[in-house]
Structures are given as structure tokens and as C-alpha cells.
Amino acid sequence: MTTDTQSDAVPAVNPAPRRARIMAVTSGKGGVGKTFISANLAAALAQRGERVLVLDADLGLANLDVVLNLQPKITLHDVFTGKAALDDAVVPAPGDFSVLLAGSGMVEYSRLTPEVREQLLEVIQTLAPRFDRILLDTGAGISDVVLYAVSLADDVALVVTPEPTSLTDAYATIKVLSAQQQRGVFQLIVNQTGRLDEGRAVHAQLQRVADRFVNPAAEVMVKLDWLGDVPSDATVREAVQRRLLLLDAYPGSAAAKAVSAIAARLALPG
């Protein structure tokens, strides 16, 4: 009797295609350095060998182009309106990563329409297989555009400063994302710290507030992971004014080293 080895063989299973890990970089209020963090974190991750895209998800008040000193000929607006192909809108940025820039002053993107929702989702789904990491540089606050962008992310990095208004707005953001999206884990980046361990103190304070006012009614318990501090540093202001990446202009500065340390904590395995 012969043995039919073919029939006993286990069919090959094709592995699922890799796609980018998507992180929304967001904040409760403006002016905390969110776009600065997004751009320099992208450069630090690229230095570690990751293929990184920063998508400017602040659709109506974009300023990533200003931070990177880019003059985009094609923006996300052109892709949405069918005036340009998506591939033509993805351009190289200083720091060896890619960017997809949005238009500024676009009133039509101040609210989330079904068309914008579908188009943004399609863009991210199309680009995800091409990169290791996509950073969504969202607008500040809890508008429907910001909340939808965050909903598309695997991870949420919340940028705060030690100022009381920033902490209050960060708490409001956590509360809304917990209630509406059942977000349980937030990664905290404390920018513009003035003393050693100030970021950890901010982290502990926000976690206590979440434990007291969010978690008792939450479907998923909120946990804040401290990702790192970026200290106040004169070189940051100089780099921003010169429209240069801090990691390029002042790689030995305390703030640049802090951003690199955050990238090391985030780095994908293998």
C-alpha cells in the first residue's frame, strides 16, 4: 500500500502582510511642542533603521511643513480632491523619514465629514504596508477630526507640559478617549521639564487623577505609561526658529538625547 504524503501535508499558511505600527501624537492643548516632538521622534526612529512616515493629521491648521522648512507642492488636500496621486504627495523630509503634509487654513477640514473620514482611512490603509511606523501628528484638543485620527492609531502618545492648563486639558483628553474609544493605555511624553524627575511627577499626578475620576466608570482601566521627558533647552528654540530638526542641528543637546531615548523605548523588535 502506498502512502499519500500530499494528503497528509499541512497546507502552507501565508503570513499576514506586515503593516506600520501607527501612533497618534496628540495633546489636550496647543503650544506644548507636539509637532516638534513628532518630527524629531521620527528622525530618531529613522536613525534606528525604521521606515517612518509622519502624516500631518491637523488637517485645517497644518504646520509640520513649517517645522521641517518644506514648501509642499502637493498636499493631502490635493489627494482628497483628486488633483494629485497619493504617491506624489509622500515626500522625503530632513532626517531620513517621509512626510505627508496637509494644507493650512482649510476651513472645510474643521469638521469631520463622511468623505474626509473615508479618505483619511483609505490613505492610511494604503500607506501602512510601506512603512514600519506611521506617526499621526494630530491637532490639539478633542474635535471630531482629532478624535477620528486618534481612533485609527494603535498607540496614543499624549504630549504634555508641566503647566496646569496643559495637565487639565490632558485629563480631559484622557477622559474623552476612555469613554468614546475605550482606550486603556496612553503613552505620556512630558515636554519642557525644568528639573530632574519632573516628568515622572507629572505622570504620577495624572495617573492619580485618572484613577479617581475616570477609572471608576471606565470599561477599560486607564493606565499611563511614562515614555520620557524632554527638558527645557535653549537649543530647541534655536532649532525651531531656524526650521531645523533638533537632532540634526544640535544632536548632542540634552533635548535631542531625550528624544533619542524615547525612540529607543519605542523601537520595534527585529
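The values are calculated or read from the model by the stated rules, or taken from the named source; none is laboratory data. Bear in mind that the values here come from a model prediction, so they are computed numbers and not experimental data. Backbone-built Cβ (ideal geometry, glycine too); neighbour counts: all protein chains shown.
Worth pointing out:
- The test for being farther than 16 Å from V146 by Cα, outside any loop (DSSP other than H, G, I, E, B) and not charged (D, E, K, R) holds for L45.
The rows are residues; the columns are (1) over 25 Å from A255 (Cβ atoms); (2) at pLDDT below 95; (3) of a type in the set (F, W, Y).
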{"residue": "L100", "(1), (2), (3)": "yes, no, no"}
{"residue": "E115", "(1), (2), (3)": "yes, yes, no"}
{"residue": "E122", "(1), (2), (3)": "yes, no, no"}
{"residue": "R133", "(1), (2), (3)": "no, no, no"}
{"residue": "G139", "(1), (2), (3)": "no, yes, no"}
{"residue": "T161", "(1), (2), (3)": "no, no, no"}
{"residue": "S166", "(1), (2), (3)": "no, no, no"}
{"residue": "N191", "(1), (2), (3)": "no, no, no"}
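- Each residue in region 158-182 was checked for being over 16 Å from G31 (Cα atoms) and crowded, with 22+ Cβ neighbours inside 10 Å, and 2 of them qualify.
- Yes/no for T126 being modelled with pLDDT of 95 or more and surrounded by fewer than 19 Cβ atoms within 10 Å (Cβ to Cβ): yes
- L68, sole failed condition from (1) in contact (Cβ under 8 Å) with a residue 60 or more places away in the chain; (2) farther than 22 Å from L147 by Cα; (3) within 18 Å of the chain's Cα centre (by Cα); (4) surrounded by fewer than 22 Cβ atoms within 10 Å (Cβ to Cβ): (4)
- Listed conditions (1) surrounded by fewer than 17 Cβ atoms within 10 Å (Cβ to Cβ); (2) farther than 18 Å from A261 by Cβ; (3) among the hydrophobic types (A, V, I, L, M, F, W, C) are all met by V214, apart from (1).
- Within region 121-161, the set of residues being part of a helix (DSSP H, G or I) and within 22 Å of L45 (Cβ to Cβ) comprises V123, I124, Q125, T126, L127, A128, P129, R130, A149, V150.
- For region 44-57, filtering for residues that are of a type outside the set (S, T, N, Q) and surrounded by fewer than 23 Cβ atoms within 10 Å (Cβ to Cβ) leaves 5.
- Members of region 157-199 found to be of a type in the set (D, E, K, R) and over 23 Å from R133 (Cβ atoms), listed by number: E163, D169, K175, R195, D197, E198
- Close pairs from region 235-257: first surrounded by 14 or more Cβ atoms within 10 Å (Cβ to Cβ) and in a helix (DSSP H, G or I), partner modelled with pLDDT of 95 or more and of a type in the set (F, W, Y), Cβ under 6 Å, at least 6 apart: T235/Y250; A256/Y250
- Candidates G105, G60 - the one that is surrounded by fewer than 20 Cβ atoms within 10 Å (Cβ to Cβ), touching a helix residue (DSSP H, G or I) at 6+ places or on another chain (Cβ under 7 Å) and at pLDDT below 95: G60
- Output for region 218-234, where each listed residue is touching a residue at least 24 places away in the same chain (Cβ under 8 Å) and either surrounded by fewer than 19 Cβ atoms within 10 Å (Cβ to Cβ) or touching a Leu at 6+ places or on another chain (Cβ under 8 Å) (or both): A218, E219, V220, M221, K223, L224, D225, W226, L227, S232
- Residue within region 177-184 that is in contact (Cβ under 8 Å) with a residue 24 or more places away in the chain, under 18 Å from the mean Cα position of the chain (by Cα) and not in a helix (DSSP H, G or I) present: yes
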